[in-house]
1. Any idea how many residues of segment 170-189 are surrounded by fewer than 22 Cβ atoms within 10 Å (Cβ to Cβ) and touching a residue at least 24 places away in the same chain (Cβ under 8 Å)?
2. State the number of residues belonging to segment 254-277 that are farther than 16 Å from A290 by Cα and over 34 Å from the mean Cα position of the chain (by Cα).
3. As an exercise: evaluate G230 against (1) surrounded by 19 or more Cβ atoms within 10 Å (Cβ to Cβ); (2) out of contact with any Lys or Arg (no Cβ under 6 Å at 6 or more places or on another chain) and give the number of the one condition it does not meet.
4. Could you check segment 52-95 and list, in sequence order, the residues that are under 19 Å from the mean Cα position of the chain (by Cα), among the aliphatic types (A, V, I, L, M) and on the phi < 0 side of the Ramachandran plot?
5. Please specify each residue of segment 51-79 satisfying the condition of being modelled with pLDDT under 95 and either buried (at least 22 other Cβ atoms within 10 Å of the Cβ) or in contact with a strand residue (DSSP E or B) (Cβ under 6 Å, 6 or more places away or on another chain) (or both).
6. Among what's in segment 396-433 and is under 19 Å from W140 (Cα atoms) and surrounded by fewer than 24 Cβ atoms within 10 Å (Cβ to Cβ), pick the residue that is farthest from the chain's Cα centre (by Cα).
7. Exactly one of (1) free of Cβ contacts under 8 Å to residues at least 40 places away in the same chain; (2) exposed (fewer than 14 other Cβ atoms within 10 Å of the Cβ) is unmet by I131. Its number?
Amino acid sequence: MDPRQDAQQLQTRRHFLGRSATGIGTAALASLLAGDRGLAAPPHAGATTALQGRPGILSQPHFPGKAKRVIYLFMSGAPSQIDMFDFKPKMDEQFDQDLPDSVRMGQRLTTMTSGQKRFPVAPSKWNDKFIQPGQTSDAWVNAELLPHTAKMMDEVCLVRSMYTEAINHDPAITYIATGHQIPGRPSLGAWLSYGLGSMNENLPSFVVLTSTWSAKRDAQALYERLWGSGFLPSRHAGVSLRSSGDPVLYLSNPPGIDAGTRRAMLDGLAKLNQKRFETIQDPEISTRIAQYEMAFRMQTSVPELTDTSGESSATLDMYGPDVHKPGTFAANCLLARRLAERDVRFIQVFIRGWDQHGNLPRDLPLQCGDVDQASSALLRDLKQRGLLDDTLVIWGGEFGRTIYCQGGLTRENYGRDHHPRAFSIWMAGGGIKPGLTYGATDDFCYNITESPVHIHDLNATILHCLGINHEKLTYRFQGRDFRLTDVHGKVVHDILT
């Protein structure tokens, strides 16, 4: 796209907003602040861009959505569906036998196992622990690893037929987060912020929480681009909250600086930024003005958010003892519920450590111990507060794990390689049918035999739950209209209410 044409378009729209009647943007900012003057500073003449508590590019959703917000619990590293959700009892008879060529069908392998002389079948050592705990759901769950989740299966839809083309972690997690294996695209949360905007005035529309994990093994890195805005304006990127020190860097005033001084500094800085914007027409300058204003408001809203001293003992007990340790998955799930209460649009909770190529029977119980009670508590907490109906909760990773063993195999110890051909996730609330088991895999949990769901289908369905037609939420960049689902994806209507 010709940058000169881009600048002309920006000038036409932004100069109108910035200069008409000495600043329509100021009036817009004043209307936003009117709802809660106790937490916000007065508007100032330099601001021409409204804060993040504003509508998105869509004046309204394409159709009424069941969900208003999303909480995405992301198990980075790929949890083993065979050991948790996809019960394969017939594999006990196949122990240490070679995976049949008729099952594998020449499908590609990672370099970590492609050199193995054999692909011996490794049944789950917990096959005798699987139960069907639901009253309405027919899902099988490993009750030893996931006793709390098992009690909630009537609330969730278990999708056992997810698949992806990506076979290694970085492209796979980039794919599920942004709809493309190559970095540079906007993340799901950024698309929602761009499309629907923010429902609150004092917190970002997209917040990220990263968790500690118990399996003390190497873990895949989490890059900020996984919650980045790509080519969308940077205000739509996720804001990561830290578990120690200031939740957001430089949020607190430096020693000797009070709120009044900071307000005066921001007013002066906004005037300088505005002059610069009028000269070069860079839209990121307007974003910067808005972000400074949001940061000022977050000085009040974030400490209140992270102060859980007012939570009842019953609520804290529901999440388990780790809820008292900042940065744990339990503590972050509680924060996710508090963010949902404050109408943050998209909340993503990451936990690493699920990459179990070896010693899976040792490490998987530790990982499940980190997430089981807290995931279940989050659903219960949202439901009892009346939030689950309009909050979409998603639990899953970037791909699954193989039925065959990587490395040495015994009945009590084995590892599993990456498996993109079939894996499991669960979804709840926000327009999802509760108590449903969707899709199926073959006896070896290797190929999907019923109702495949691609990454693009998942993202299309998530957008649908929020009232967005995934084919119509686009952004023109470098001469092409881009969207989260690229040129693919279909809504999985069978799992929707």
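The values are calculated or read from the model by the stated rules, or taken from the named source; none is laboratory data. What you see is a predicted model, and the numbers here were worked out from it, not measured in a lab. So basically every Cβ, Gly included, is an ideal-geometry build from the backbone, and we count neighbours across all protein chains shown.
1. Of the residues in segment 170-189, 4 are surrounded by fewer than 22 Cβ atoms within 10 Å (Cβ to Cβ) and touching a residue at least 24 places away in the same chain (Cβ under 8 Å).
2. 6
3. The single condition G230 does not satisfy is (2).
4. Those that are under 19 Å from the mean Cα position of the chain (by Cα), among the aliphatic types (A, V, I, L, M) and on the phi < 0 side of the Ramachandran plot: A67, V70, I71, L73, M75.
5. Once the filter is applied, which keeps residues that are modelled with pLDDT under 95 and either buried (at least 22 other Cβ atoms within 10 Å of the Cβ) or in contact with a strand residue (DSSP E or B) (Cβ under 6 Å, 6 or more places away or on another chain) (or both), segment 51-79 yields L51, Q52, G53, R54, P55, G56.
6. Result: K433.
7. Exception for I131: condition (2).
One line per residue, one yes/no per condition, for (1) among the aromatic types (F, W, Y); (2) part of a strand (DSSP E or B); (3) on the phi > 0 side of the Ramachandran plot:
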| residue | (1), (2), (3) |
| --- | --- |
| I394 | no, yes, no |
| Y404 | yes, yes, no |
| G408 | no, no, no |
| R411 | no, no, no |
| D417 | no, yes, no |
| R421 | no, no, no |
| W426 | yes, yes, no |
| Y446 | yes, no, no |
